[in-house]
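First comes the structure, then the notes that go with it.
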Amino acid sequence: MQLIPSILVTGGAGYIGSHTAVSLAKAGFRVVLLDNYSNSDVKAVHGVRSLINADVPFYEVDCRDKDALIDVFRTEQEMGHEIKGVIHFAALKSVGESVENPSLYEDNNIVGTERLLEVMREFDVENLVFSSSCTVYGEPEVVPVDENAPFLEAESPYGFTKQACEKLIVDHLKPNPEFNAVILRYFNPIGAHPSATIGESPNGVPNNLIPYLCQSVAGIRGALQVFGTDYPTPDGSCIRDYLHVMDLAEAHVSALEYLFKDKLRGKDTGWRAYNLGTGKGASVLEVIEAFEKVTGRSVPYSIAERREGDVVAIWANASRAKDELGWEAKRSLEEALNDSWKWQKKRPDSQ
Ligand code: NAD
Ligand code: UDP
């Protein structure tokens, strides 16, 4: 193995990809970023470069474009930086949009993963970390949910694409016994790098709670709509497990180190899935209250209809990640909300 392994980060200009790139570089990996900018822009790449203080390579490529993917692997190889592992973040992720346009989600997320696996095989790249989601569990019968919970019918086409990609990866292992994969099932990442150099910057109107909430408080959007307060939860709003994106980024470093230590080699399956969350649930109304407390800003909001595709309540049992990867979430909900707000205040469109 090269002294400093090169890691391809697909979706590297995105929210979690950019934070992970910084954590990987700090841990001694060489990062190569790839993105088609469908939900991001070049500012995140500049942010990563300035935090790492290095000229990180970036390729504007769509994962569905096999020839372009081949070019990336070949170019890096020719420069003496053979790619040794891939973290595959690139995907569309809006639950609501996936309900409106399921075929776009199936094409982008599933075909993109298929092509990437094919190219990894062609270049003998054996280590993959895949961004999955707690949505693979659908509406879980038991919470906190652990990795043995069955995949119930996905609540949205987005959730379906994550189930399908996990299956693709597992099927890919059967004829490729040297291939290893860690599947990370994220709960709800929020927050930003504490320097506020990078953060979550979706293109257009945000679909996720925290970016919408921050833009609403900044006066860029109208009042936040709380999607449903008639759910069977203590205050009627949905419950999620919100974790700081820096904790999540660090989990990818642990996952790669685990793969590079050959921990999966010789195991029957060659893959392992891990929940990444804090183990604690918070309702939408509790998040609003915590945000107001930590920032001193009031959140304009109204109660709206339920959003199609939402699960009622889910939070993680993340003990497997702690036991096997040595990772656990360390930062609080308040710290994450404060970092999200710091990032929002620093963004040019928040002036
Ligand atoms: P993001 O939209 O900020 O980042 C994804 C990046 O992938 C974007 O920069 C986008 O431009 C790029 N992309 C999308 N399709 C692409 C394609 N075909 N080819 C190349 N680039 C493409 O989202 P994120 O929050 O950083 O999510 C990263 C991953 O984590 C995704 O796979 C997402 O499904 C998964 N995930 C996210 C959350 C969450 O709440 N943020 C939760 C669970 C899982
Ligand atoms: N939510 C909301 N208003 C919004 C966006 C989200 O009430 O404008 C709620 C949503 O119904 C869910 C929670 O916030 O209960 C988290 O939603 P998000 O889209 O951030 O993540 P998801 O869990 O759907 O992946």
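Summed over the range 79-105, the residues that are within 23 Å of residue 189 (Cα to Cα) and either within 16 Å of ligand 2 (Cβ to nearest atom) or at pLDDT below 95 (or both) give a count of 11. Taking the range 274-301 as the range and being outside any helix (DSSP H, G or I), crowded, with 20+ Cβ neighbours inside 10 Å and either touching a Lys or Arg at 6+ places or on another chain (Cβ under 6 Å) or of a type in the set (Val, Ile, Thr) (or both) as the test, the residues that pass are 274, 275, 278. Is it fair to say residue 195 is among the small types (Gly, Ala, Ser) and surrounded by fewer than 21 Cβ atoms within 10 Å (Cβ to Cβ)? It is true that residue 195 is among the small types (Gly, Ala, Ser) and surrounded by fewer than 21 Cβ atoms within 10 Å (Cβ to Cβ). I'd like the full set of residues that are within 16 Å of ligand 1 (Cβ to nearest atom) and farther than 16 Å from residue 16 by Cβ, limited to the range 185-238. Residues satisfying the conditions are 204, 205, 212, 213, 214, 215, 227, 238.
Take residue 9 and tell me if it is assigned to a helix (DSSP H, G or I), in contact (Cβ under 8 Å) with a residue 40 or more places away in the chain and closer than 23 Å to residue 126 by Cβ. Even if it seems obvious, please write down each step before you answer.
On the way: assigned to a helix (DSSP H, G or I): no; in contact (Cβ under 8 Å) with a residue 40 or more places away in the chain: yes; closer than 23 Å to residue 126 by Cβ: yes.
Criteria not met by residue 9.
What residue, among those in the range 30-76 that are more than 19 Å from residue 88 (Cβ to Cβ) and without any contact (Cβ under 8 Å) to a residue 60 or more places away in the chain, is farthest from ligand 1 (Cβ to nearest atom)? Top of the filtered list is 53. For the range 196-235, filtering for residues that are in a loop (DSSP other than H, G, I, E, B) and either more than 20 Å from the chain's Cα centre (by Cα) or hydrophobic (A, V, I, L, M, F, W, C) (or both) leaves 17. Taken together, 329, 318 contain a single residue that is out of contact with any Pro (no Cβ under 6 Å at 6 or more places or on another chain), farther than 27 Å from residue 195 by Cα, touching a residue at least 12 places away in the same chain (Cβ under 8 Å) and surrounded by 16 or more Cβ atoms within 10 Å (Cβ to Cβ), which is 318.
Selection of the range 166-187 for residues being crowded, with 20+ Cβ neighbours inside 10 Å and either in a loop (DSSP other than H, G, I, E, B) or free of Cβ contacts under 8 Å to residues at least 60 places away in the same chain (or both) yields 172, 179, 187.
So, in the range 90-109, exactly how many residues are of a type outside the set (Gly, Ala, Ser) and out of contact with any Phe, Trp or Tyr (no Cβ under 9 Å at 6 or more places or on another chain)? Talk me through it step by step, then tell me what you get.
As a first pass, look at the range 90-109 and keep what is of a type outside the set (Gly, Ala, Ser): 92-93, 95, 97, 99-102, 104-109.
If we keep only those that are out of contact with any Phe, Trp or Tyr (no Cβ under 9 Å at 6 or more places or on another chain) too, we end up with 100-101, 104, 107-108.
Of the residues in the range 90-109, 5 are of a type outside the set (Gly, Ala, Ser) and out of contact with any Phe, Trp or Tyr (no Cβ under 9 Å at 6 or more places or on another chain).
Of the residues 231, 274, 301, the single one that is among the hydroxyl-bearing types (Ser, Thr, Tyr), touching a Phe, Trp or Tyr at 6+ places or on another chain (Cβ under 9 Å) and touching a residue at least 12 places away in the same chain (Cβ under 8 Å) is 274.
Considered as a group, the residues in the range 224-236 that are within 10 Å of ligand 2 (Cβ to nearest atom) and either small (Gly, Ala, Ser) or closer than 12 Å to residue 299 by Cβ (or both) include one that is surrounded by the fewest Cβ atoms within 10 Å (Cβ to Cβ), and that residue is 225.
Looking only at residues in the range 106-146 that are β-branched (Val, Ile, Thr) and within 15 Å of ligand 2 (Cβ to nearest atom), the one that is farthest from residue 241 (Cα to Cα) is 136.
Taking the range 120-136 as the search range and keeping residues that are more than 16 Å from the chain's Cα centre (by Cα) and buried (at least 23 other Cβ atoms within 10 Å of the Cβ), which one is farthest from residue 273 (Cα to Cα)?
In the first step, residues of the range 120-136 are kept if they are more than 16 Å from the chain's Cα centre (by Cα); the result is 120-127.
Subset that is buried (at least 23 other Cβ atoms within 10 Å of the Cβ): 120, 127.
Values: 120: 20, 127: 14 Å.
Residue satisfying both the conditions and the ranking: 120.
The values are calculated or read from the model by the stated rules, or taken from the named source; none is laboratory data. The structure presented is a predicted model; accordingly, all values stated were derived computationally and were not measured. Heads up, the Cβs are rebuilt from the backbone with ideal geometry, glycines too, and the neighbour counts pull from every protein chain shown.
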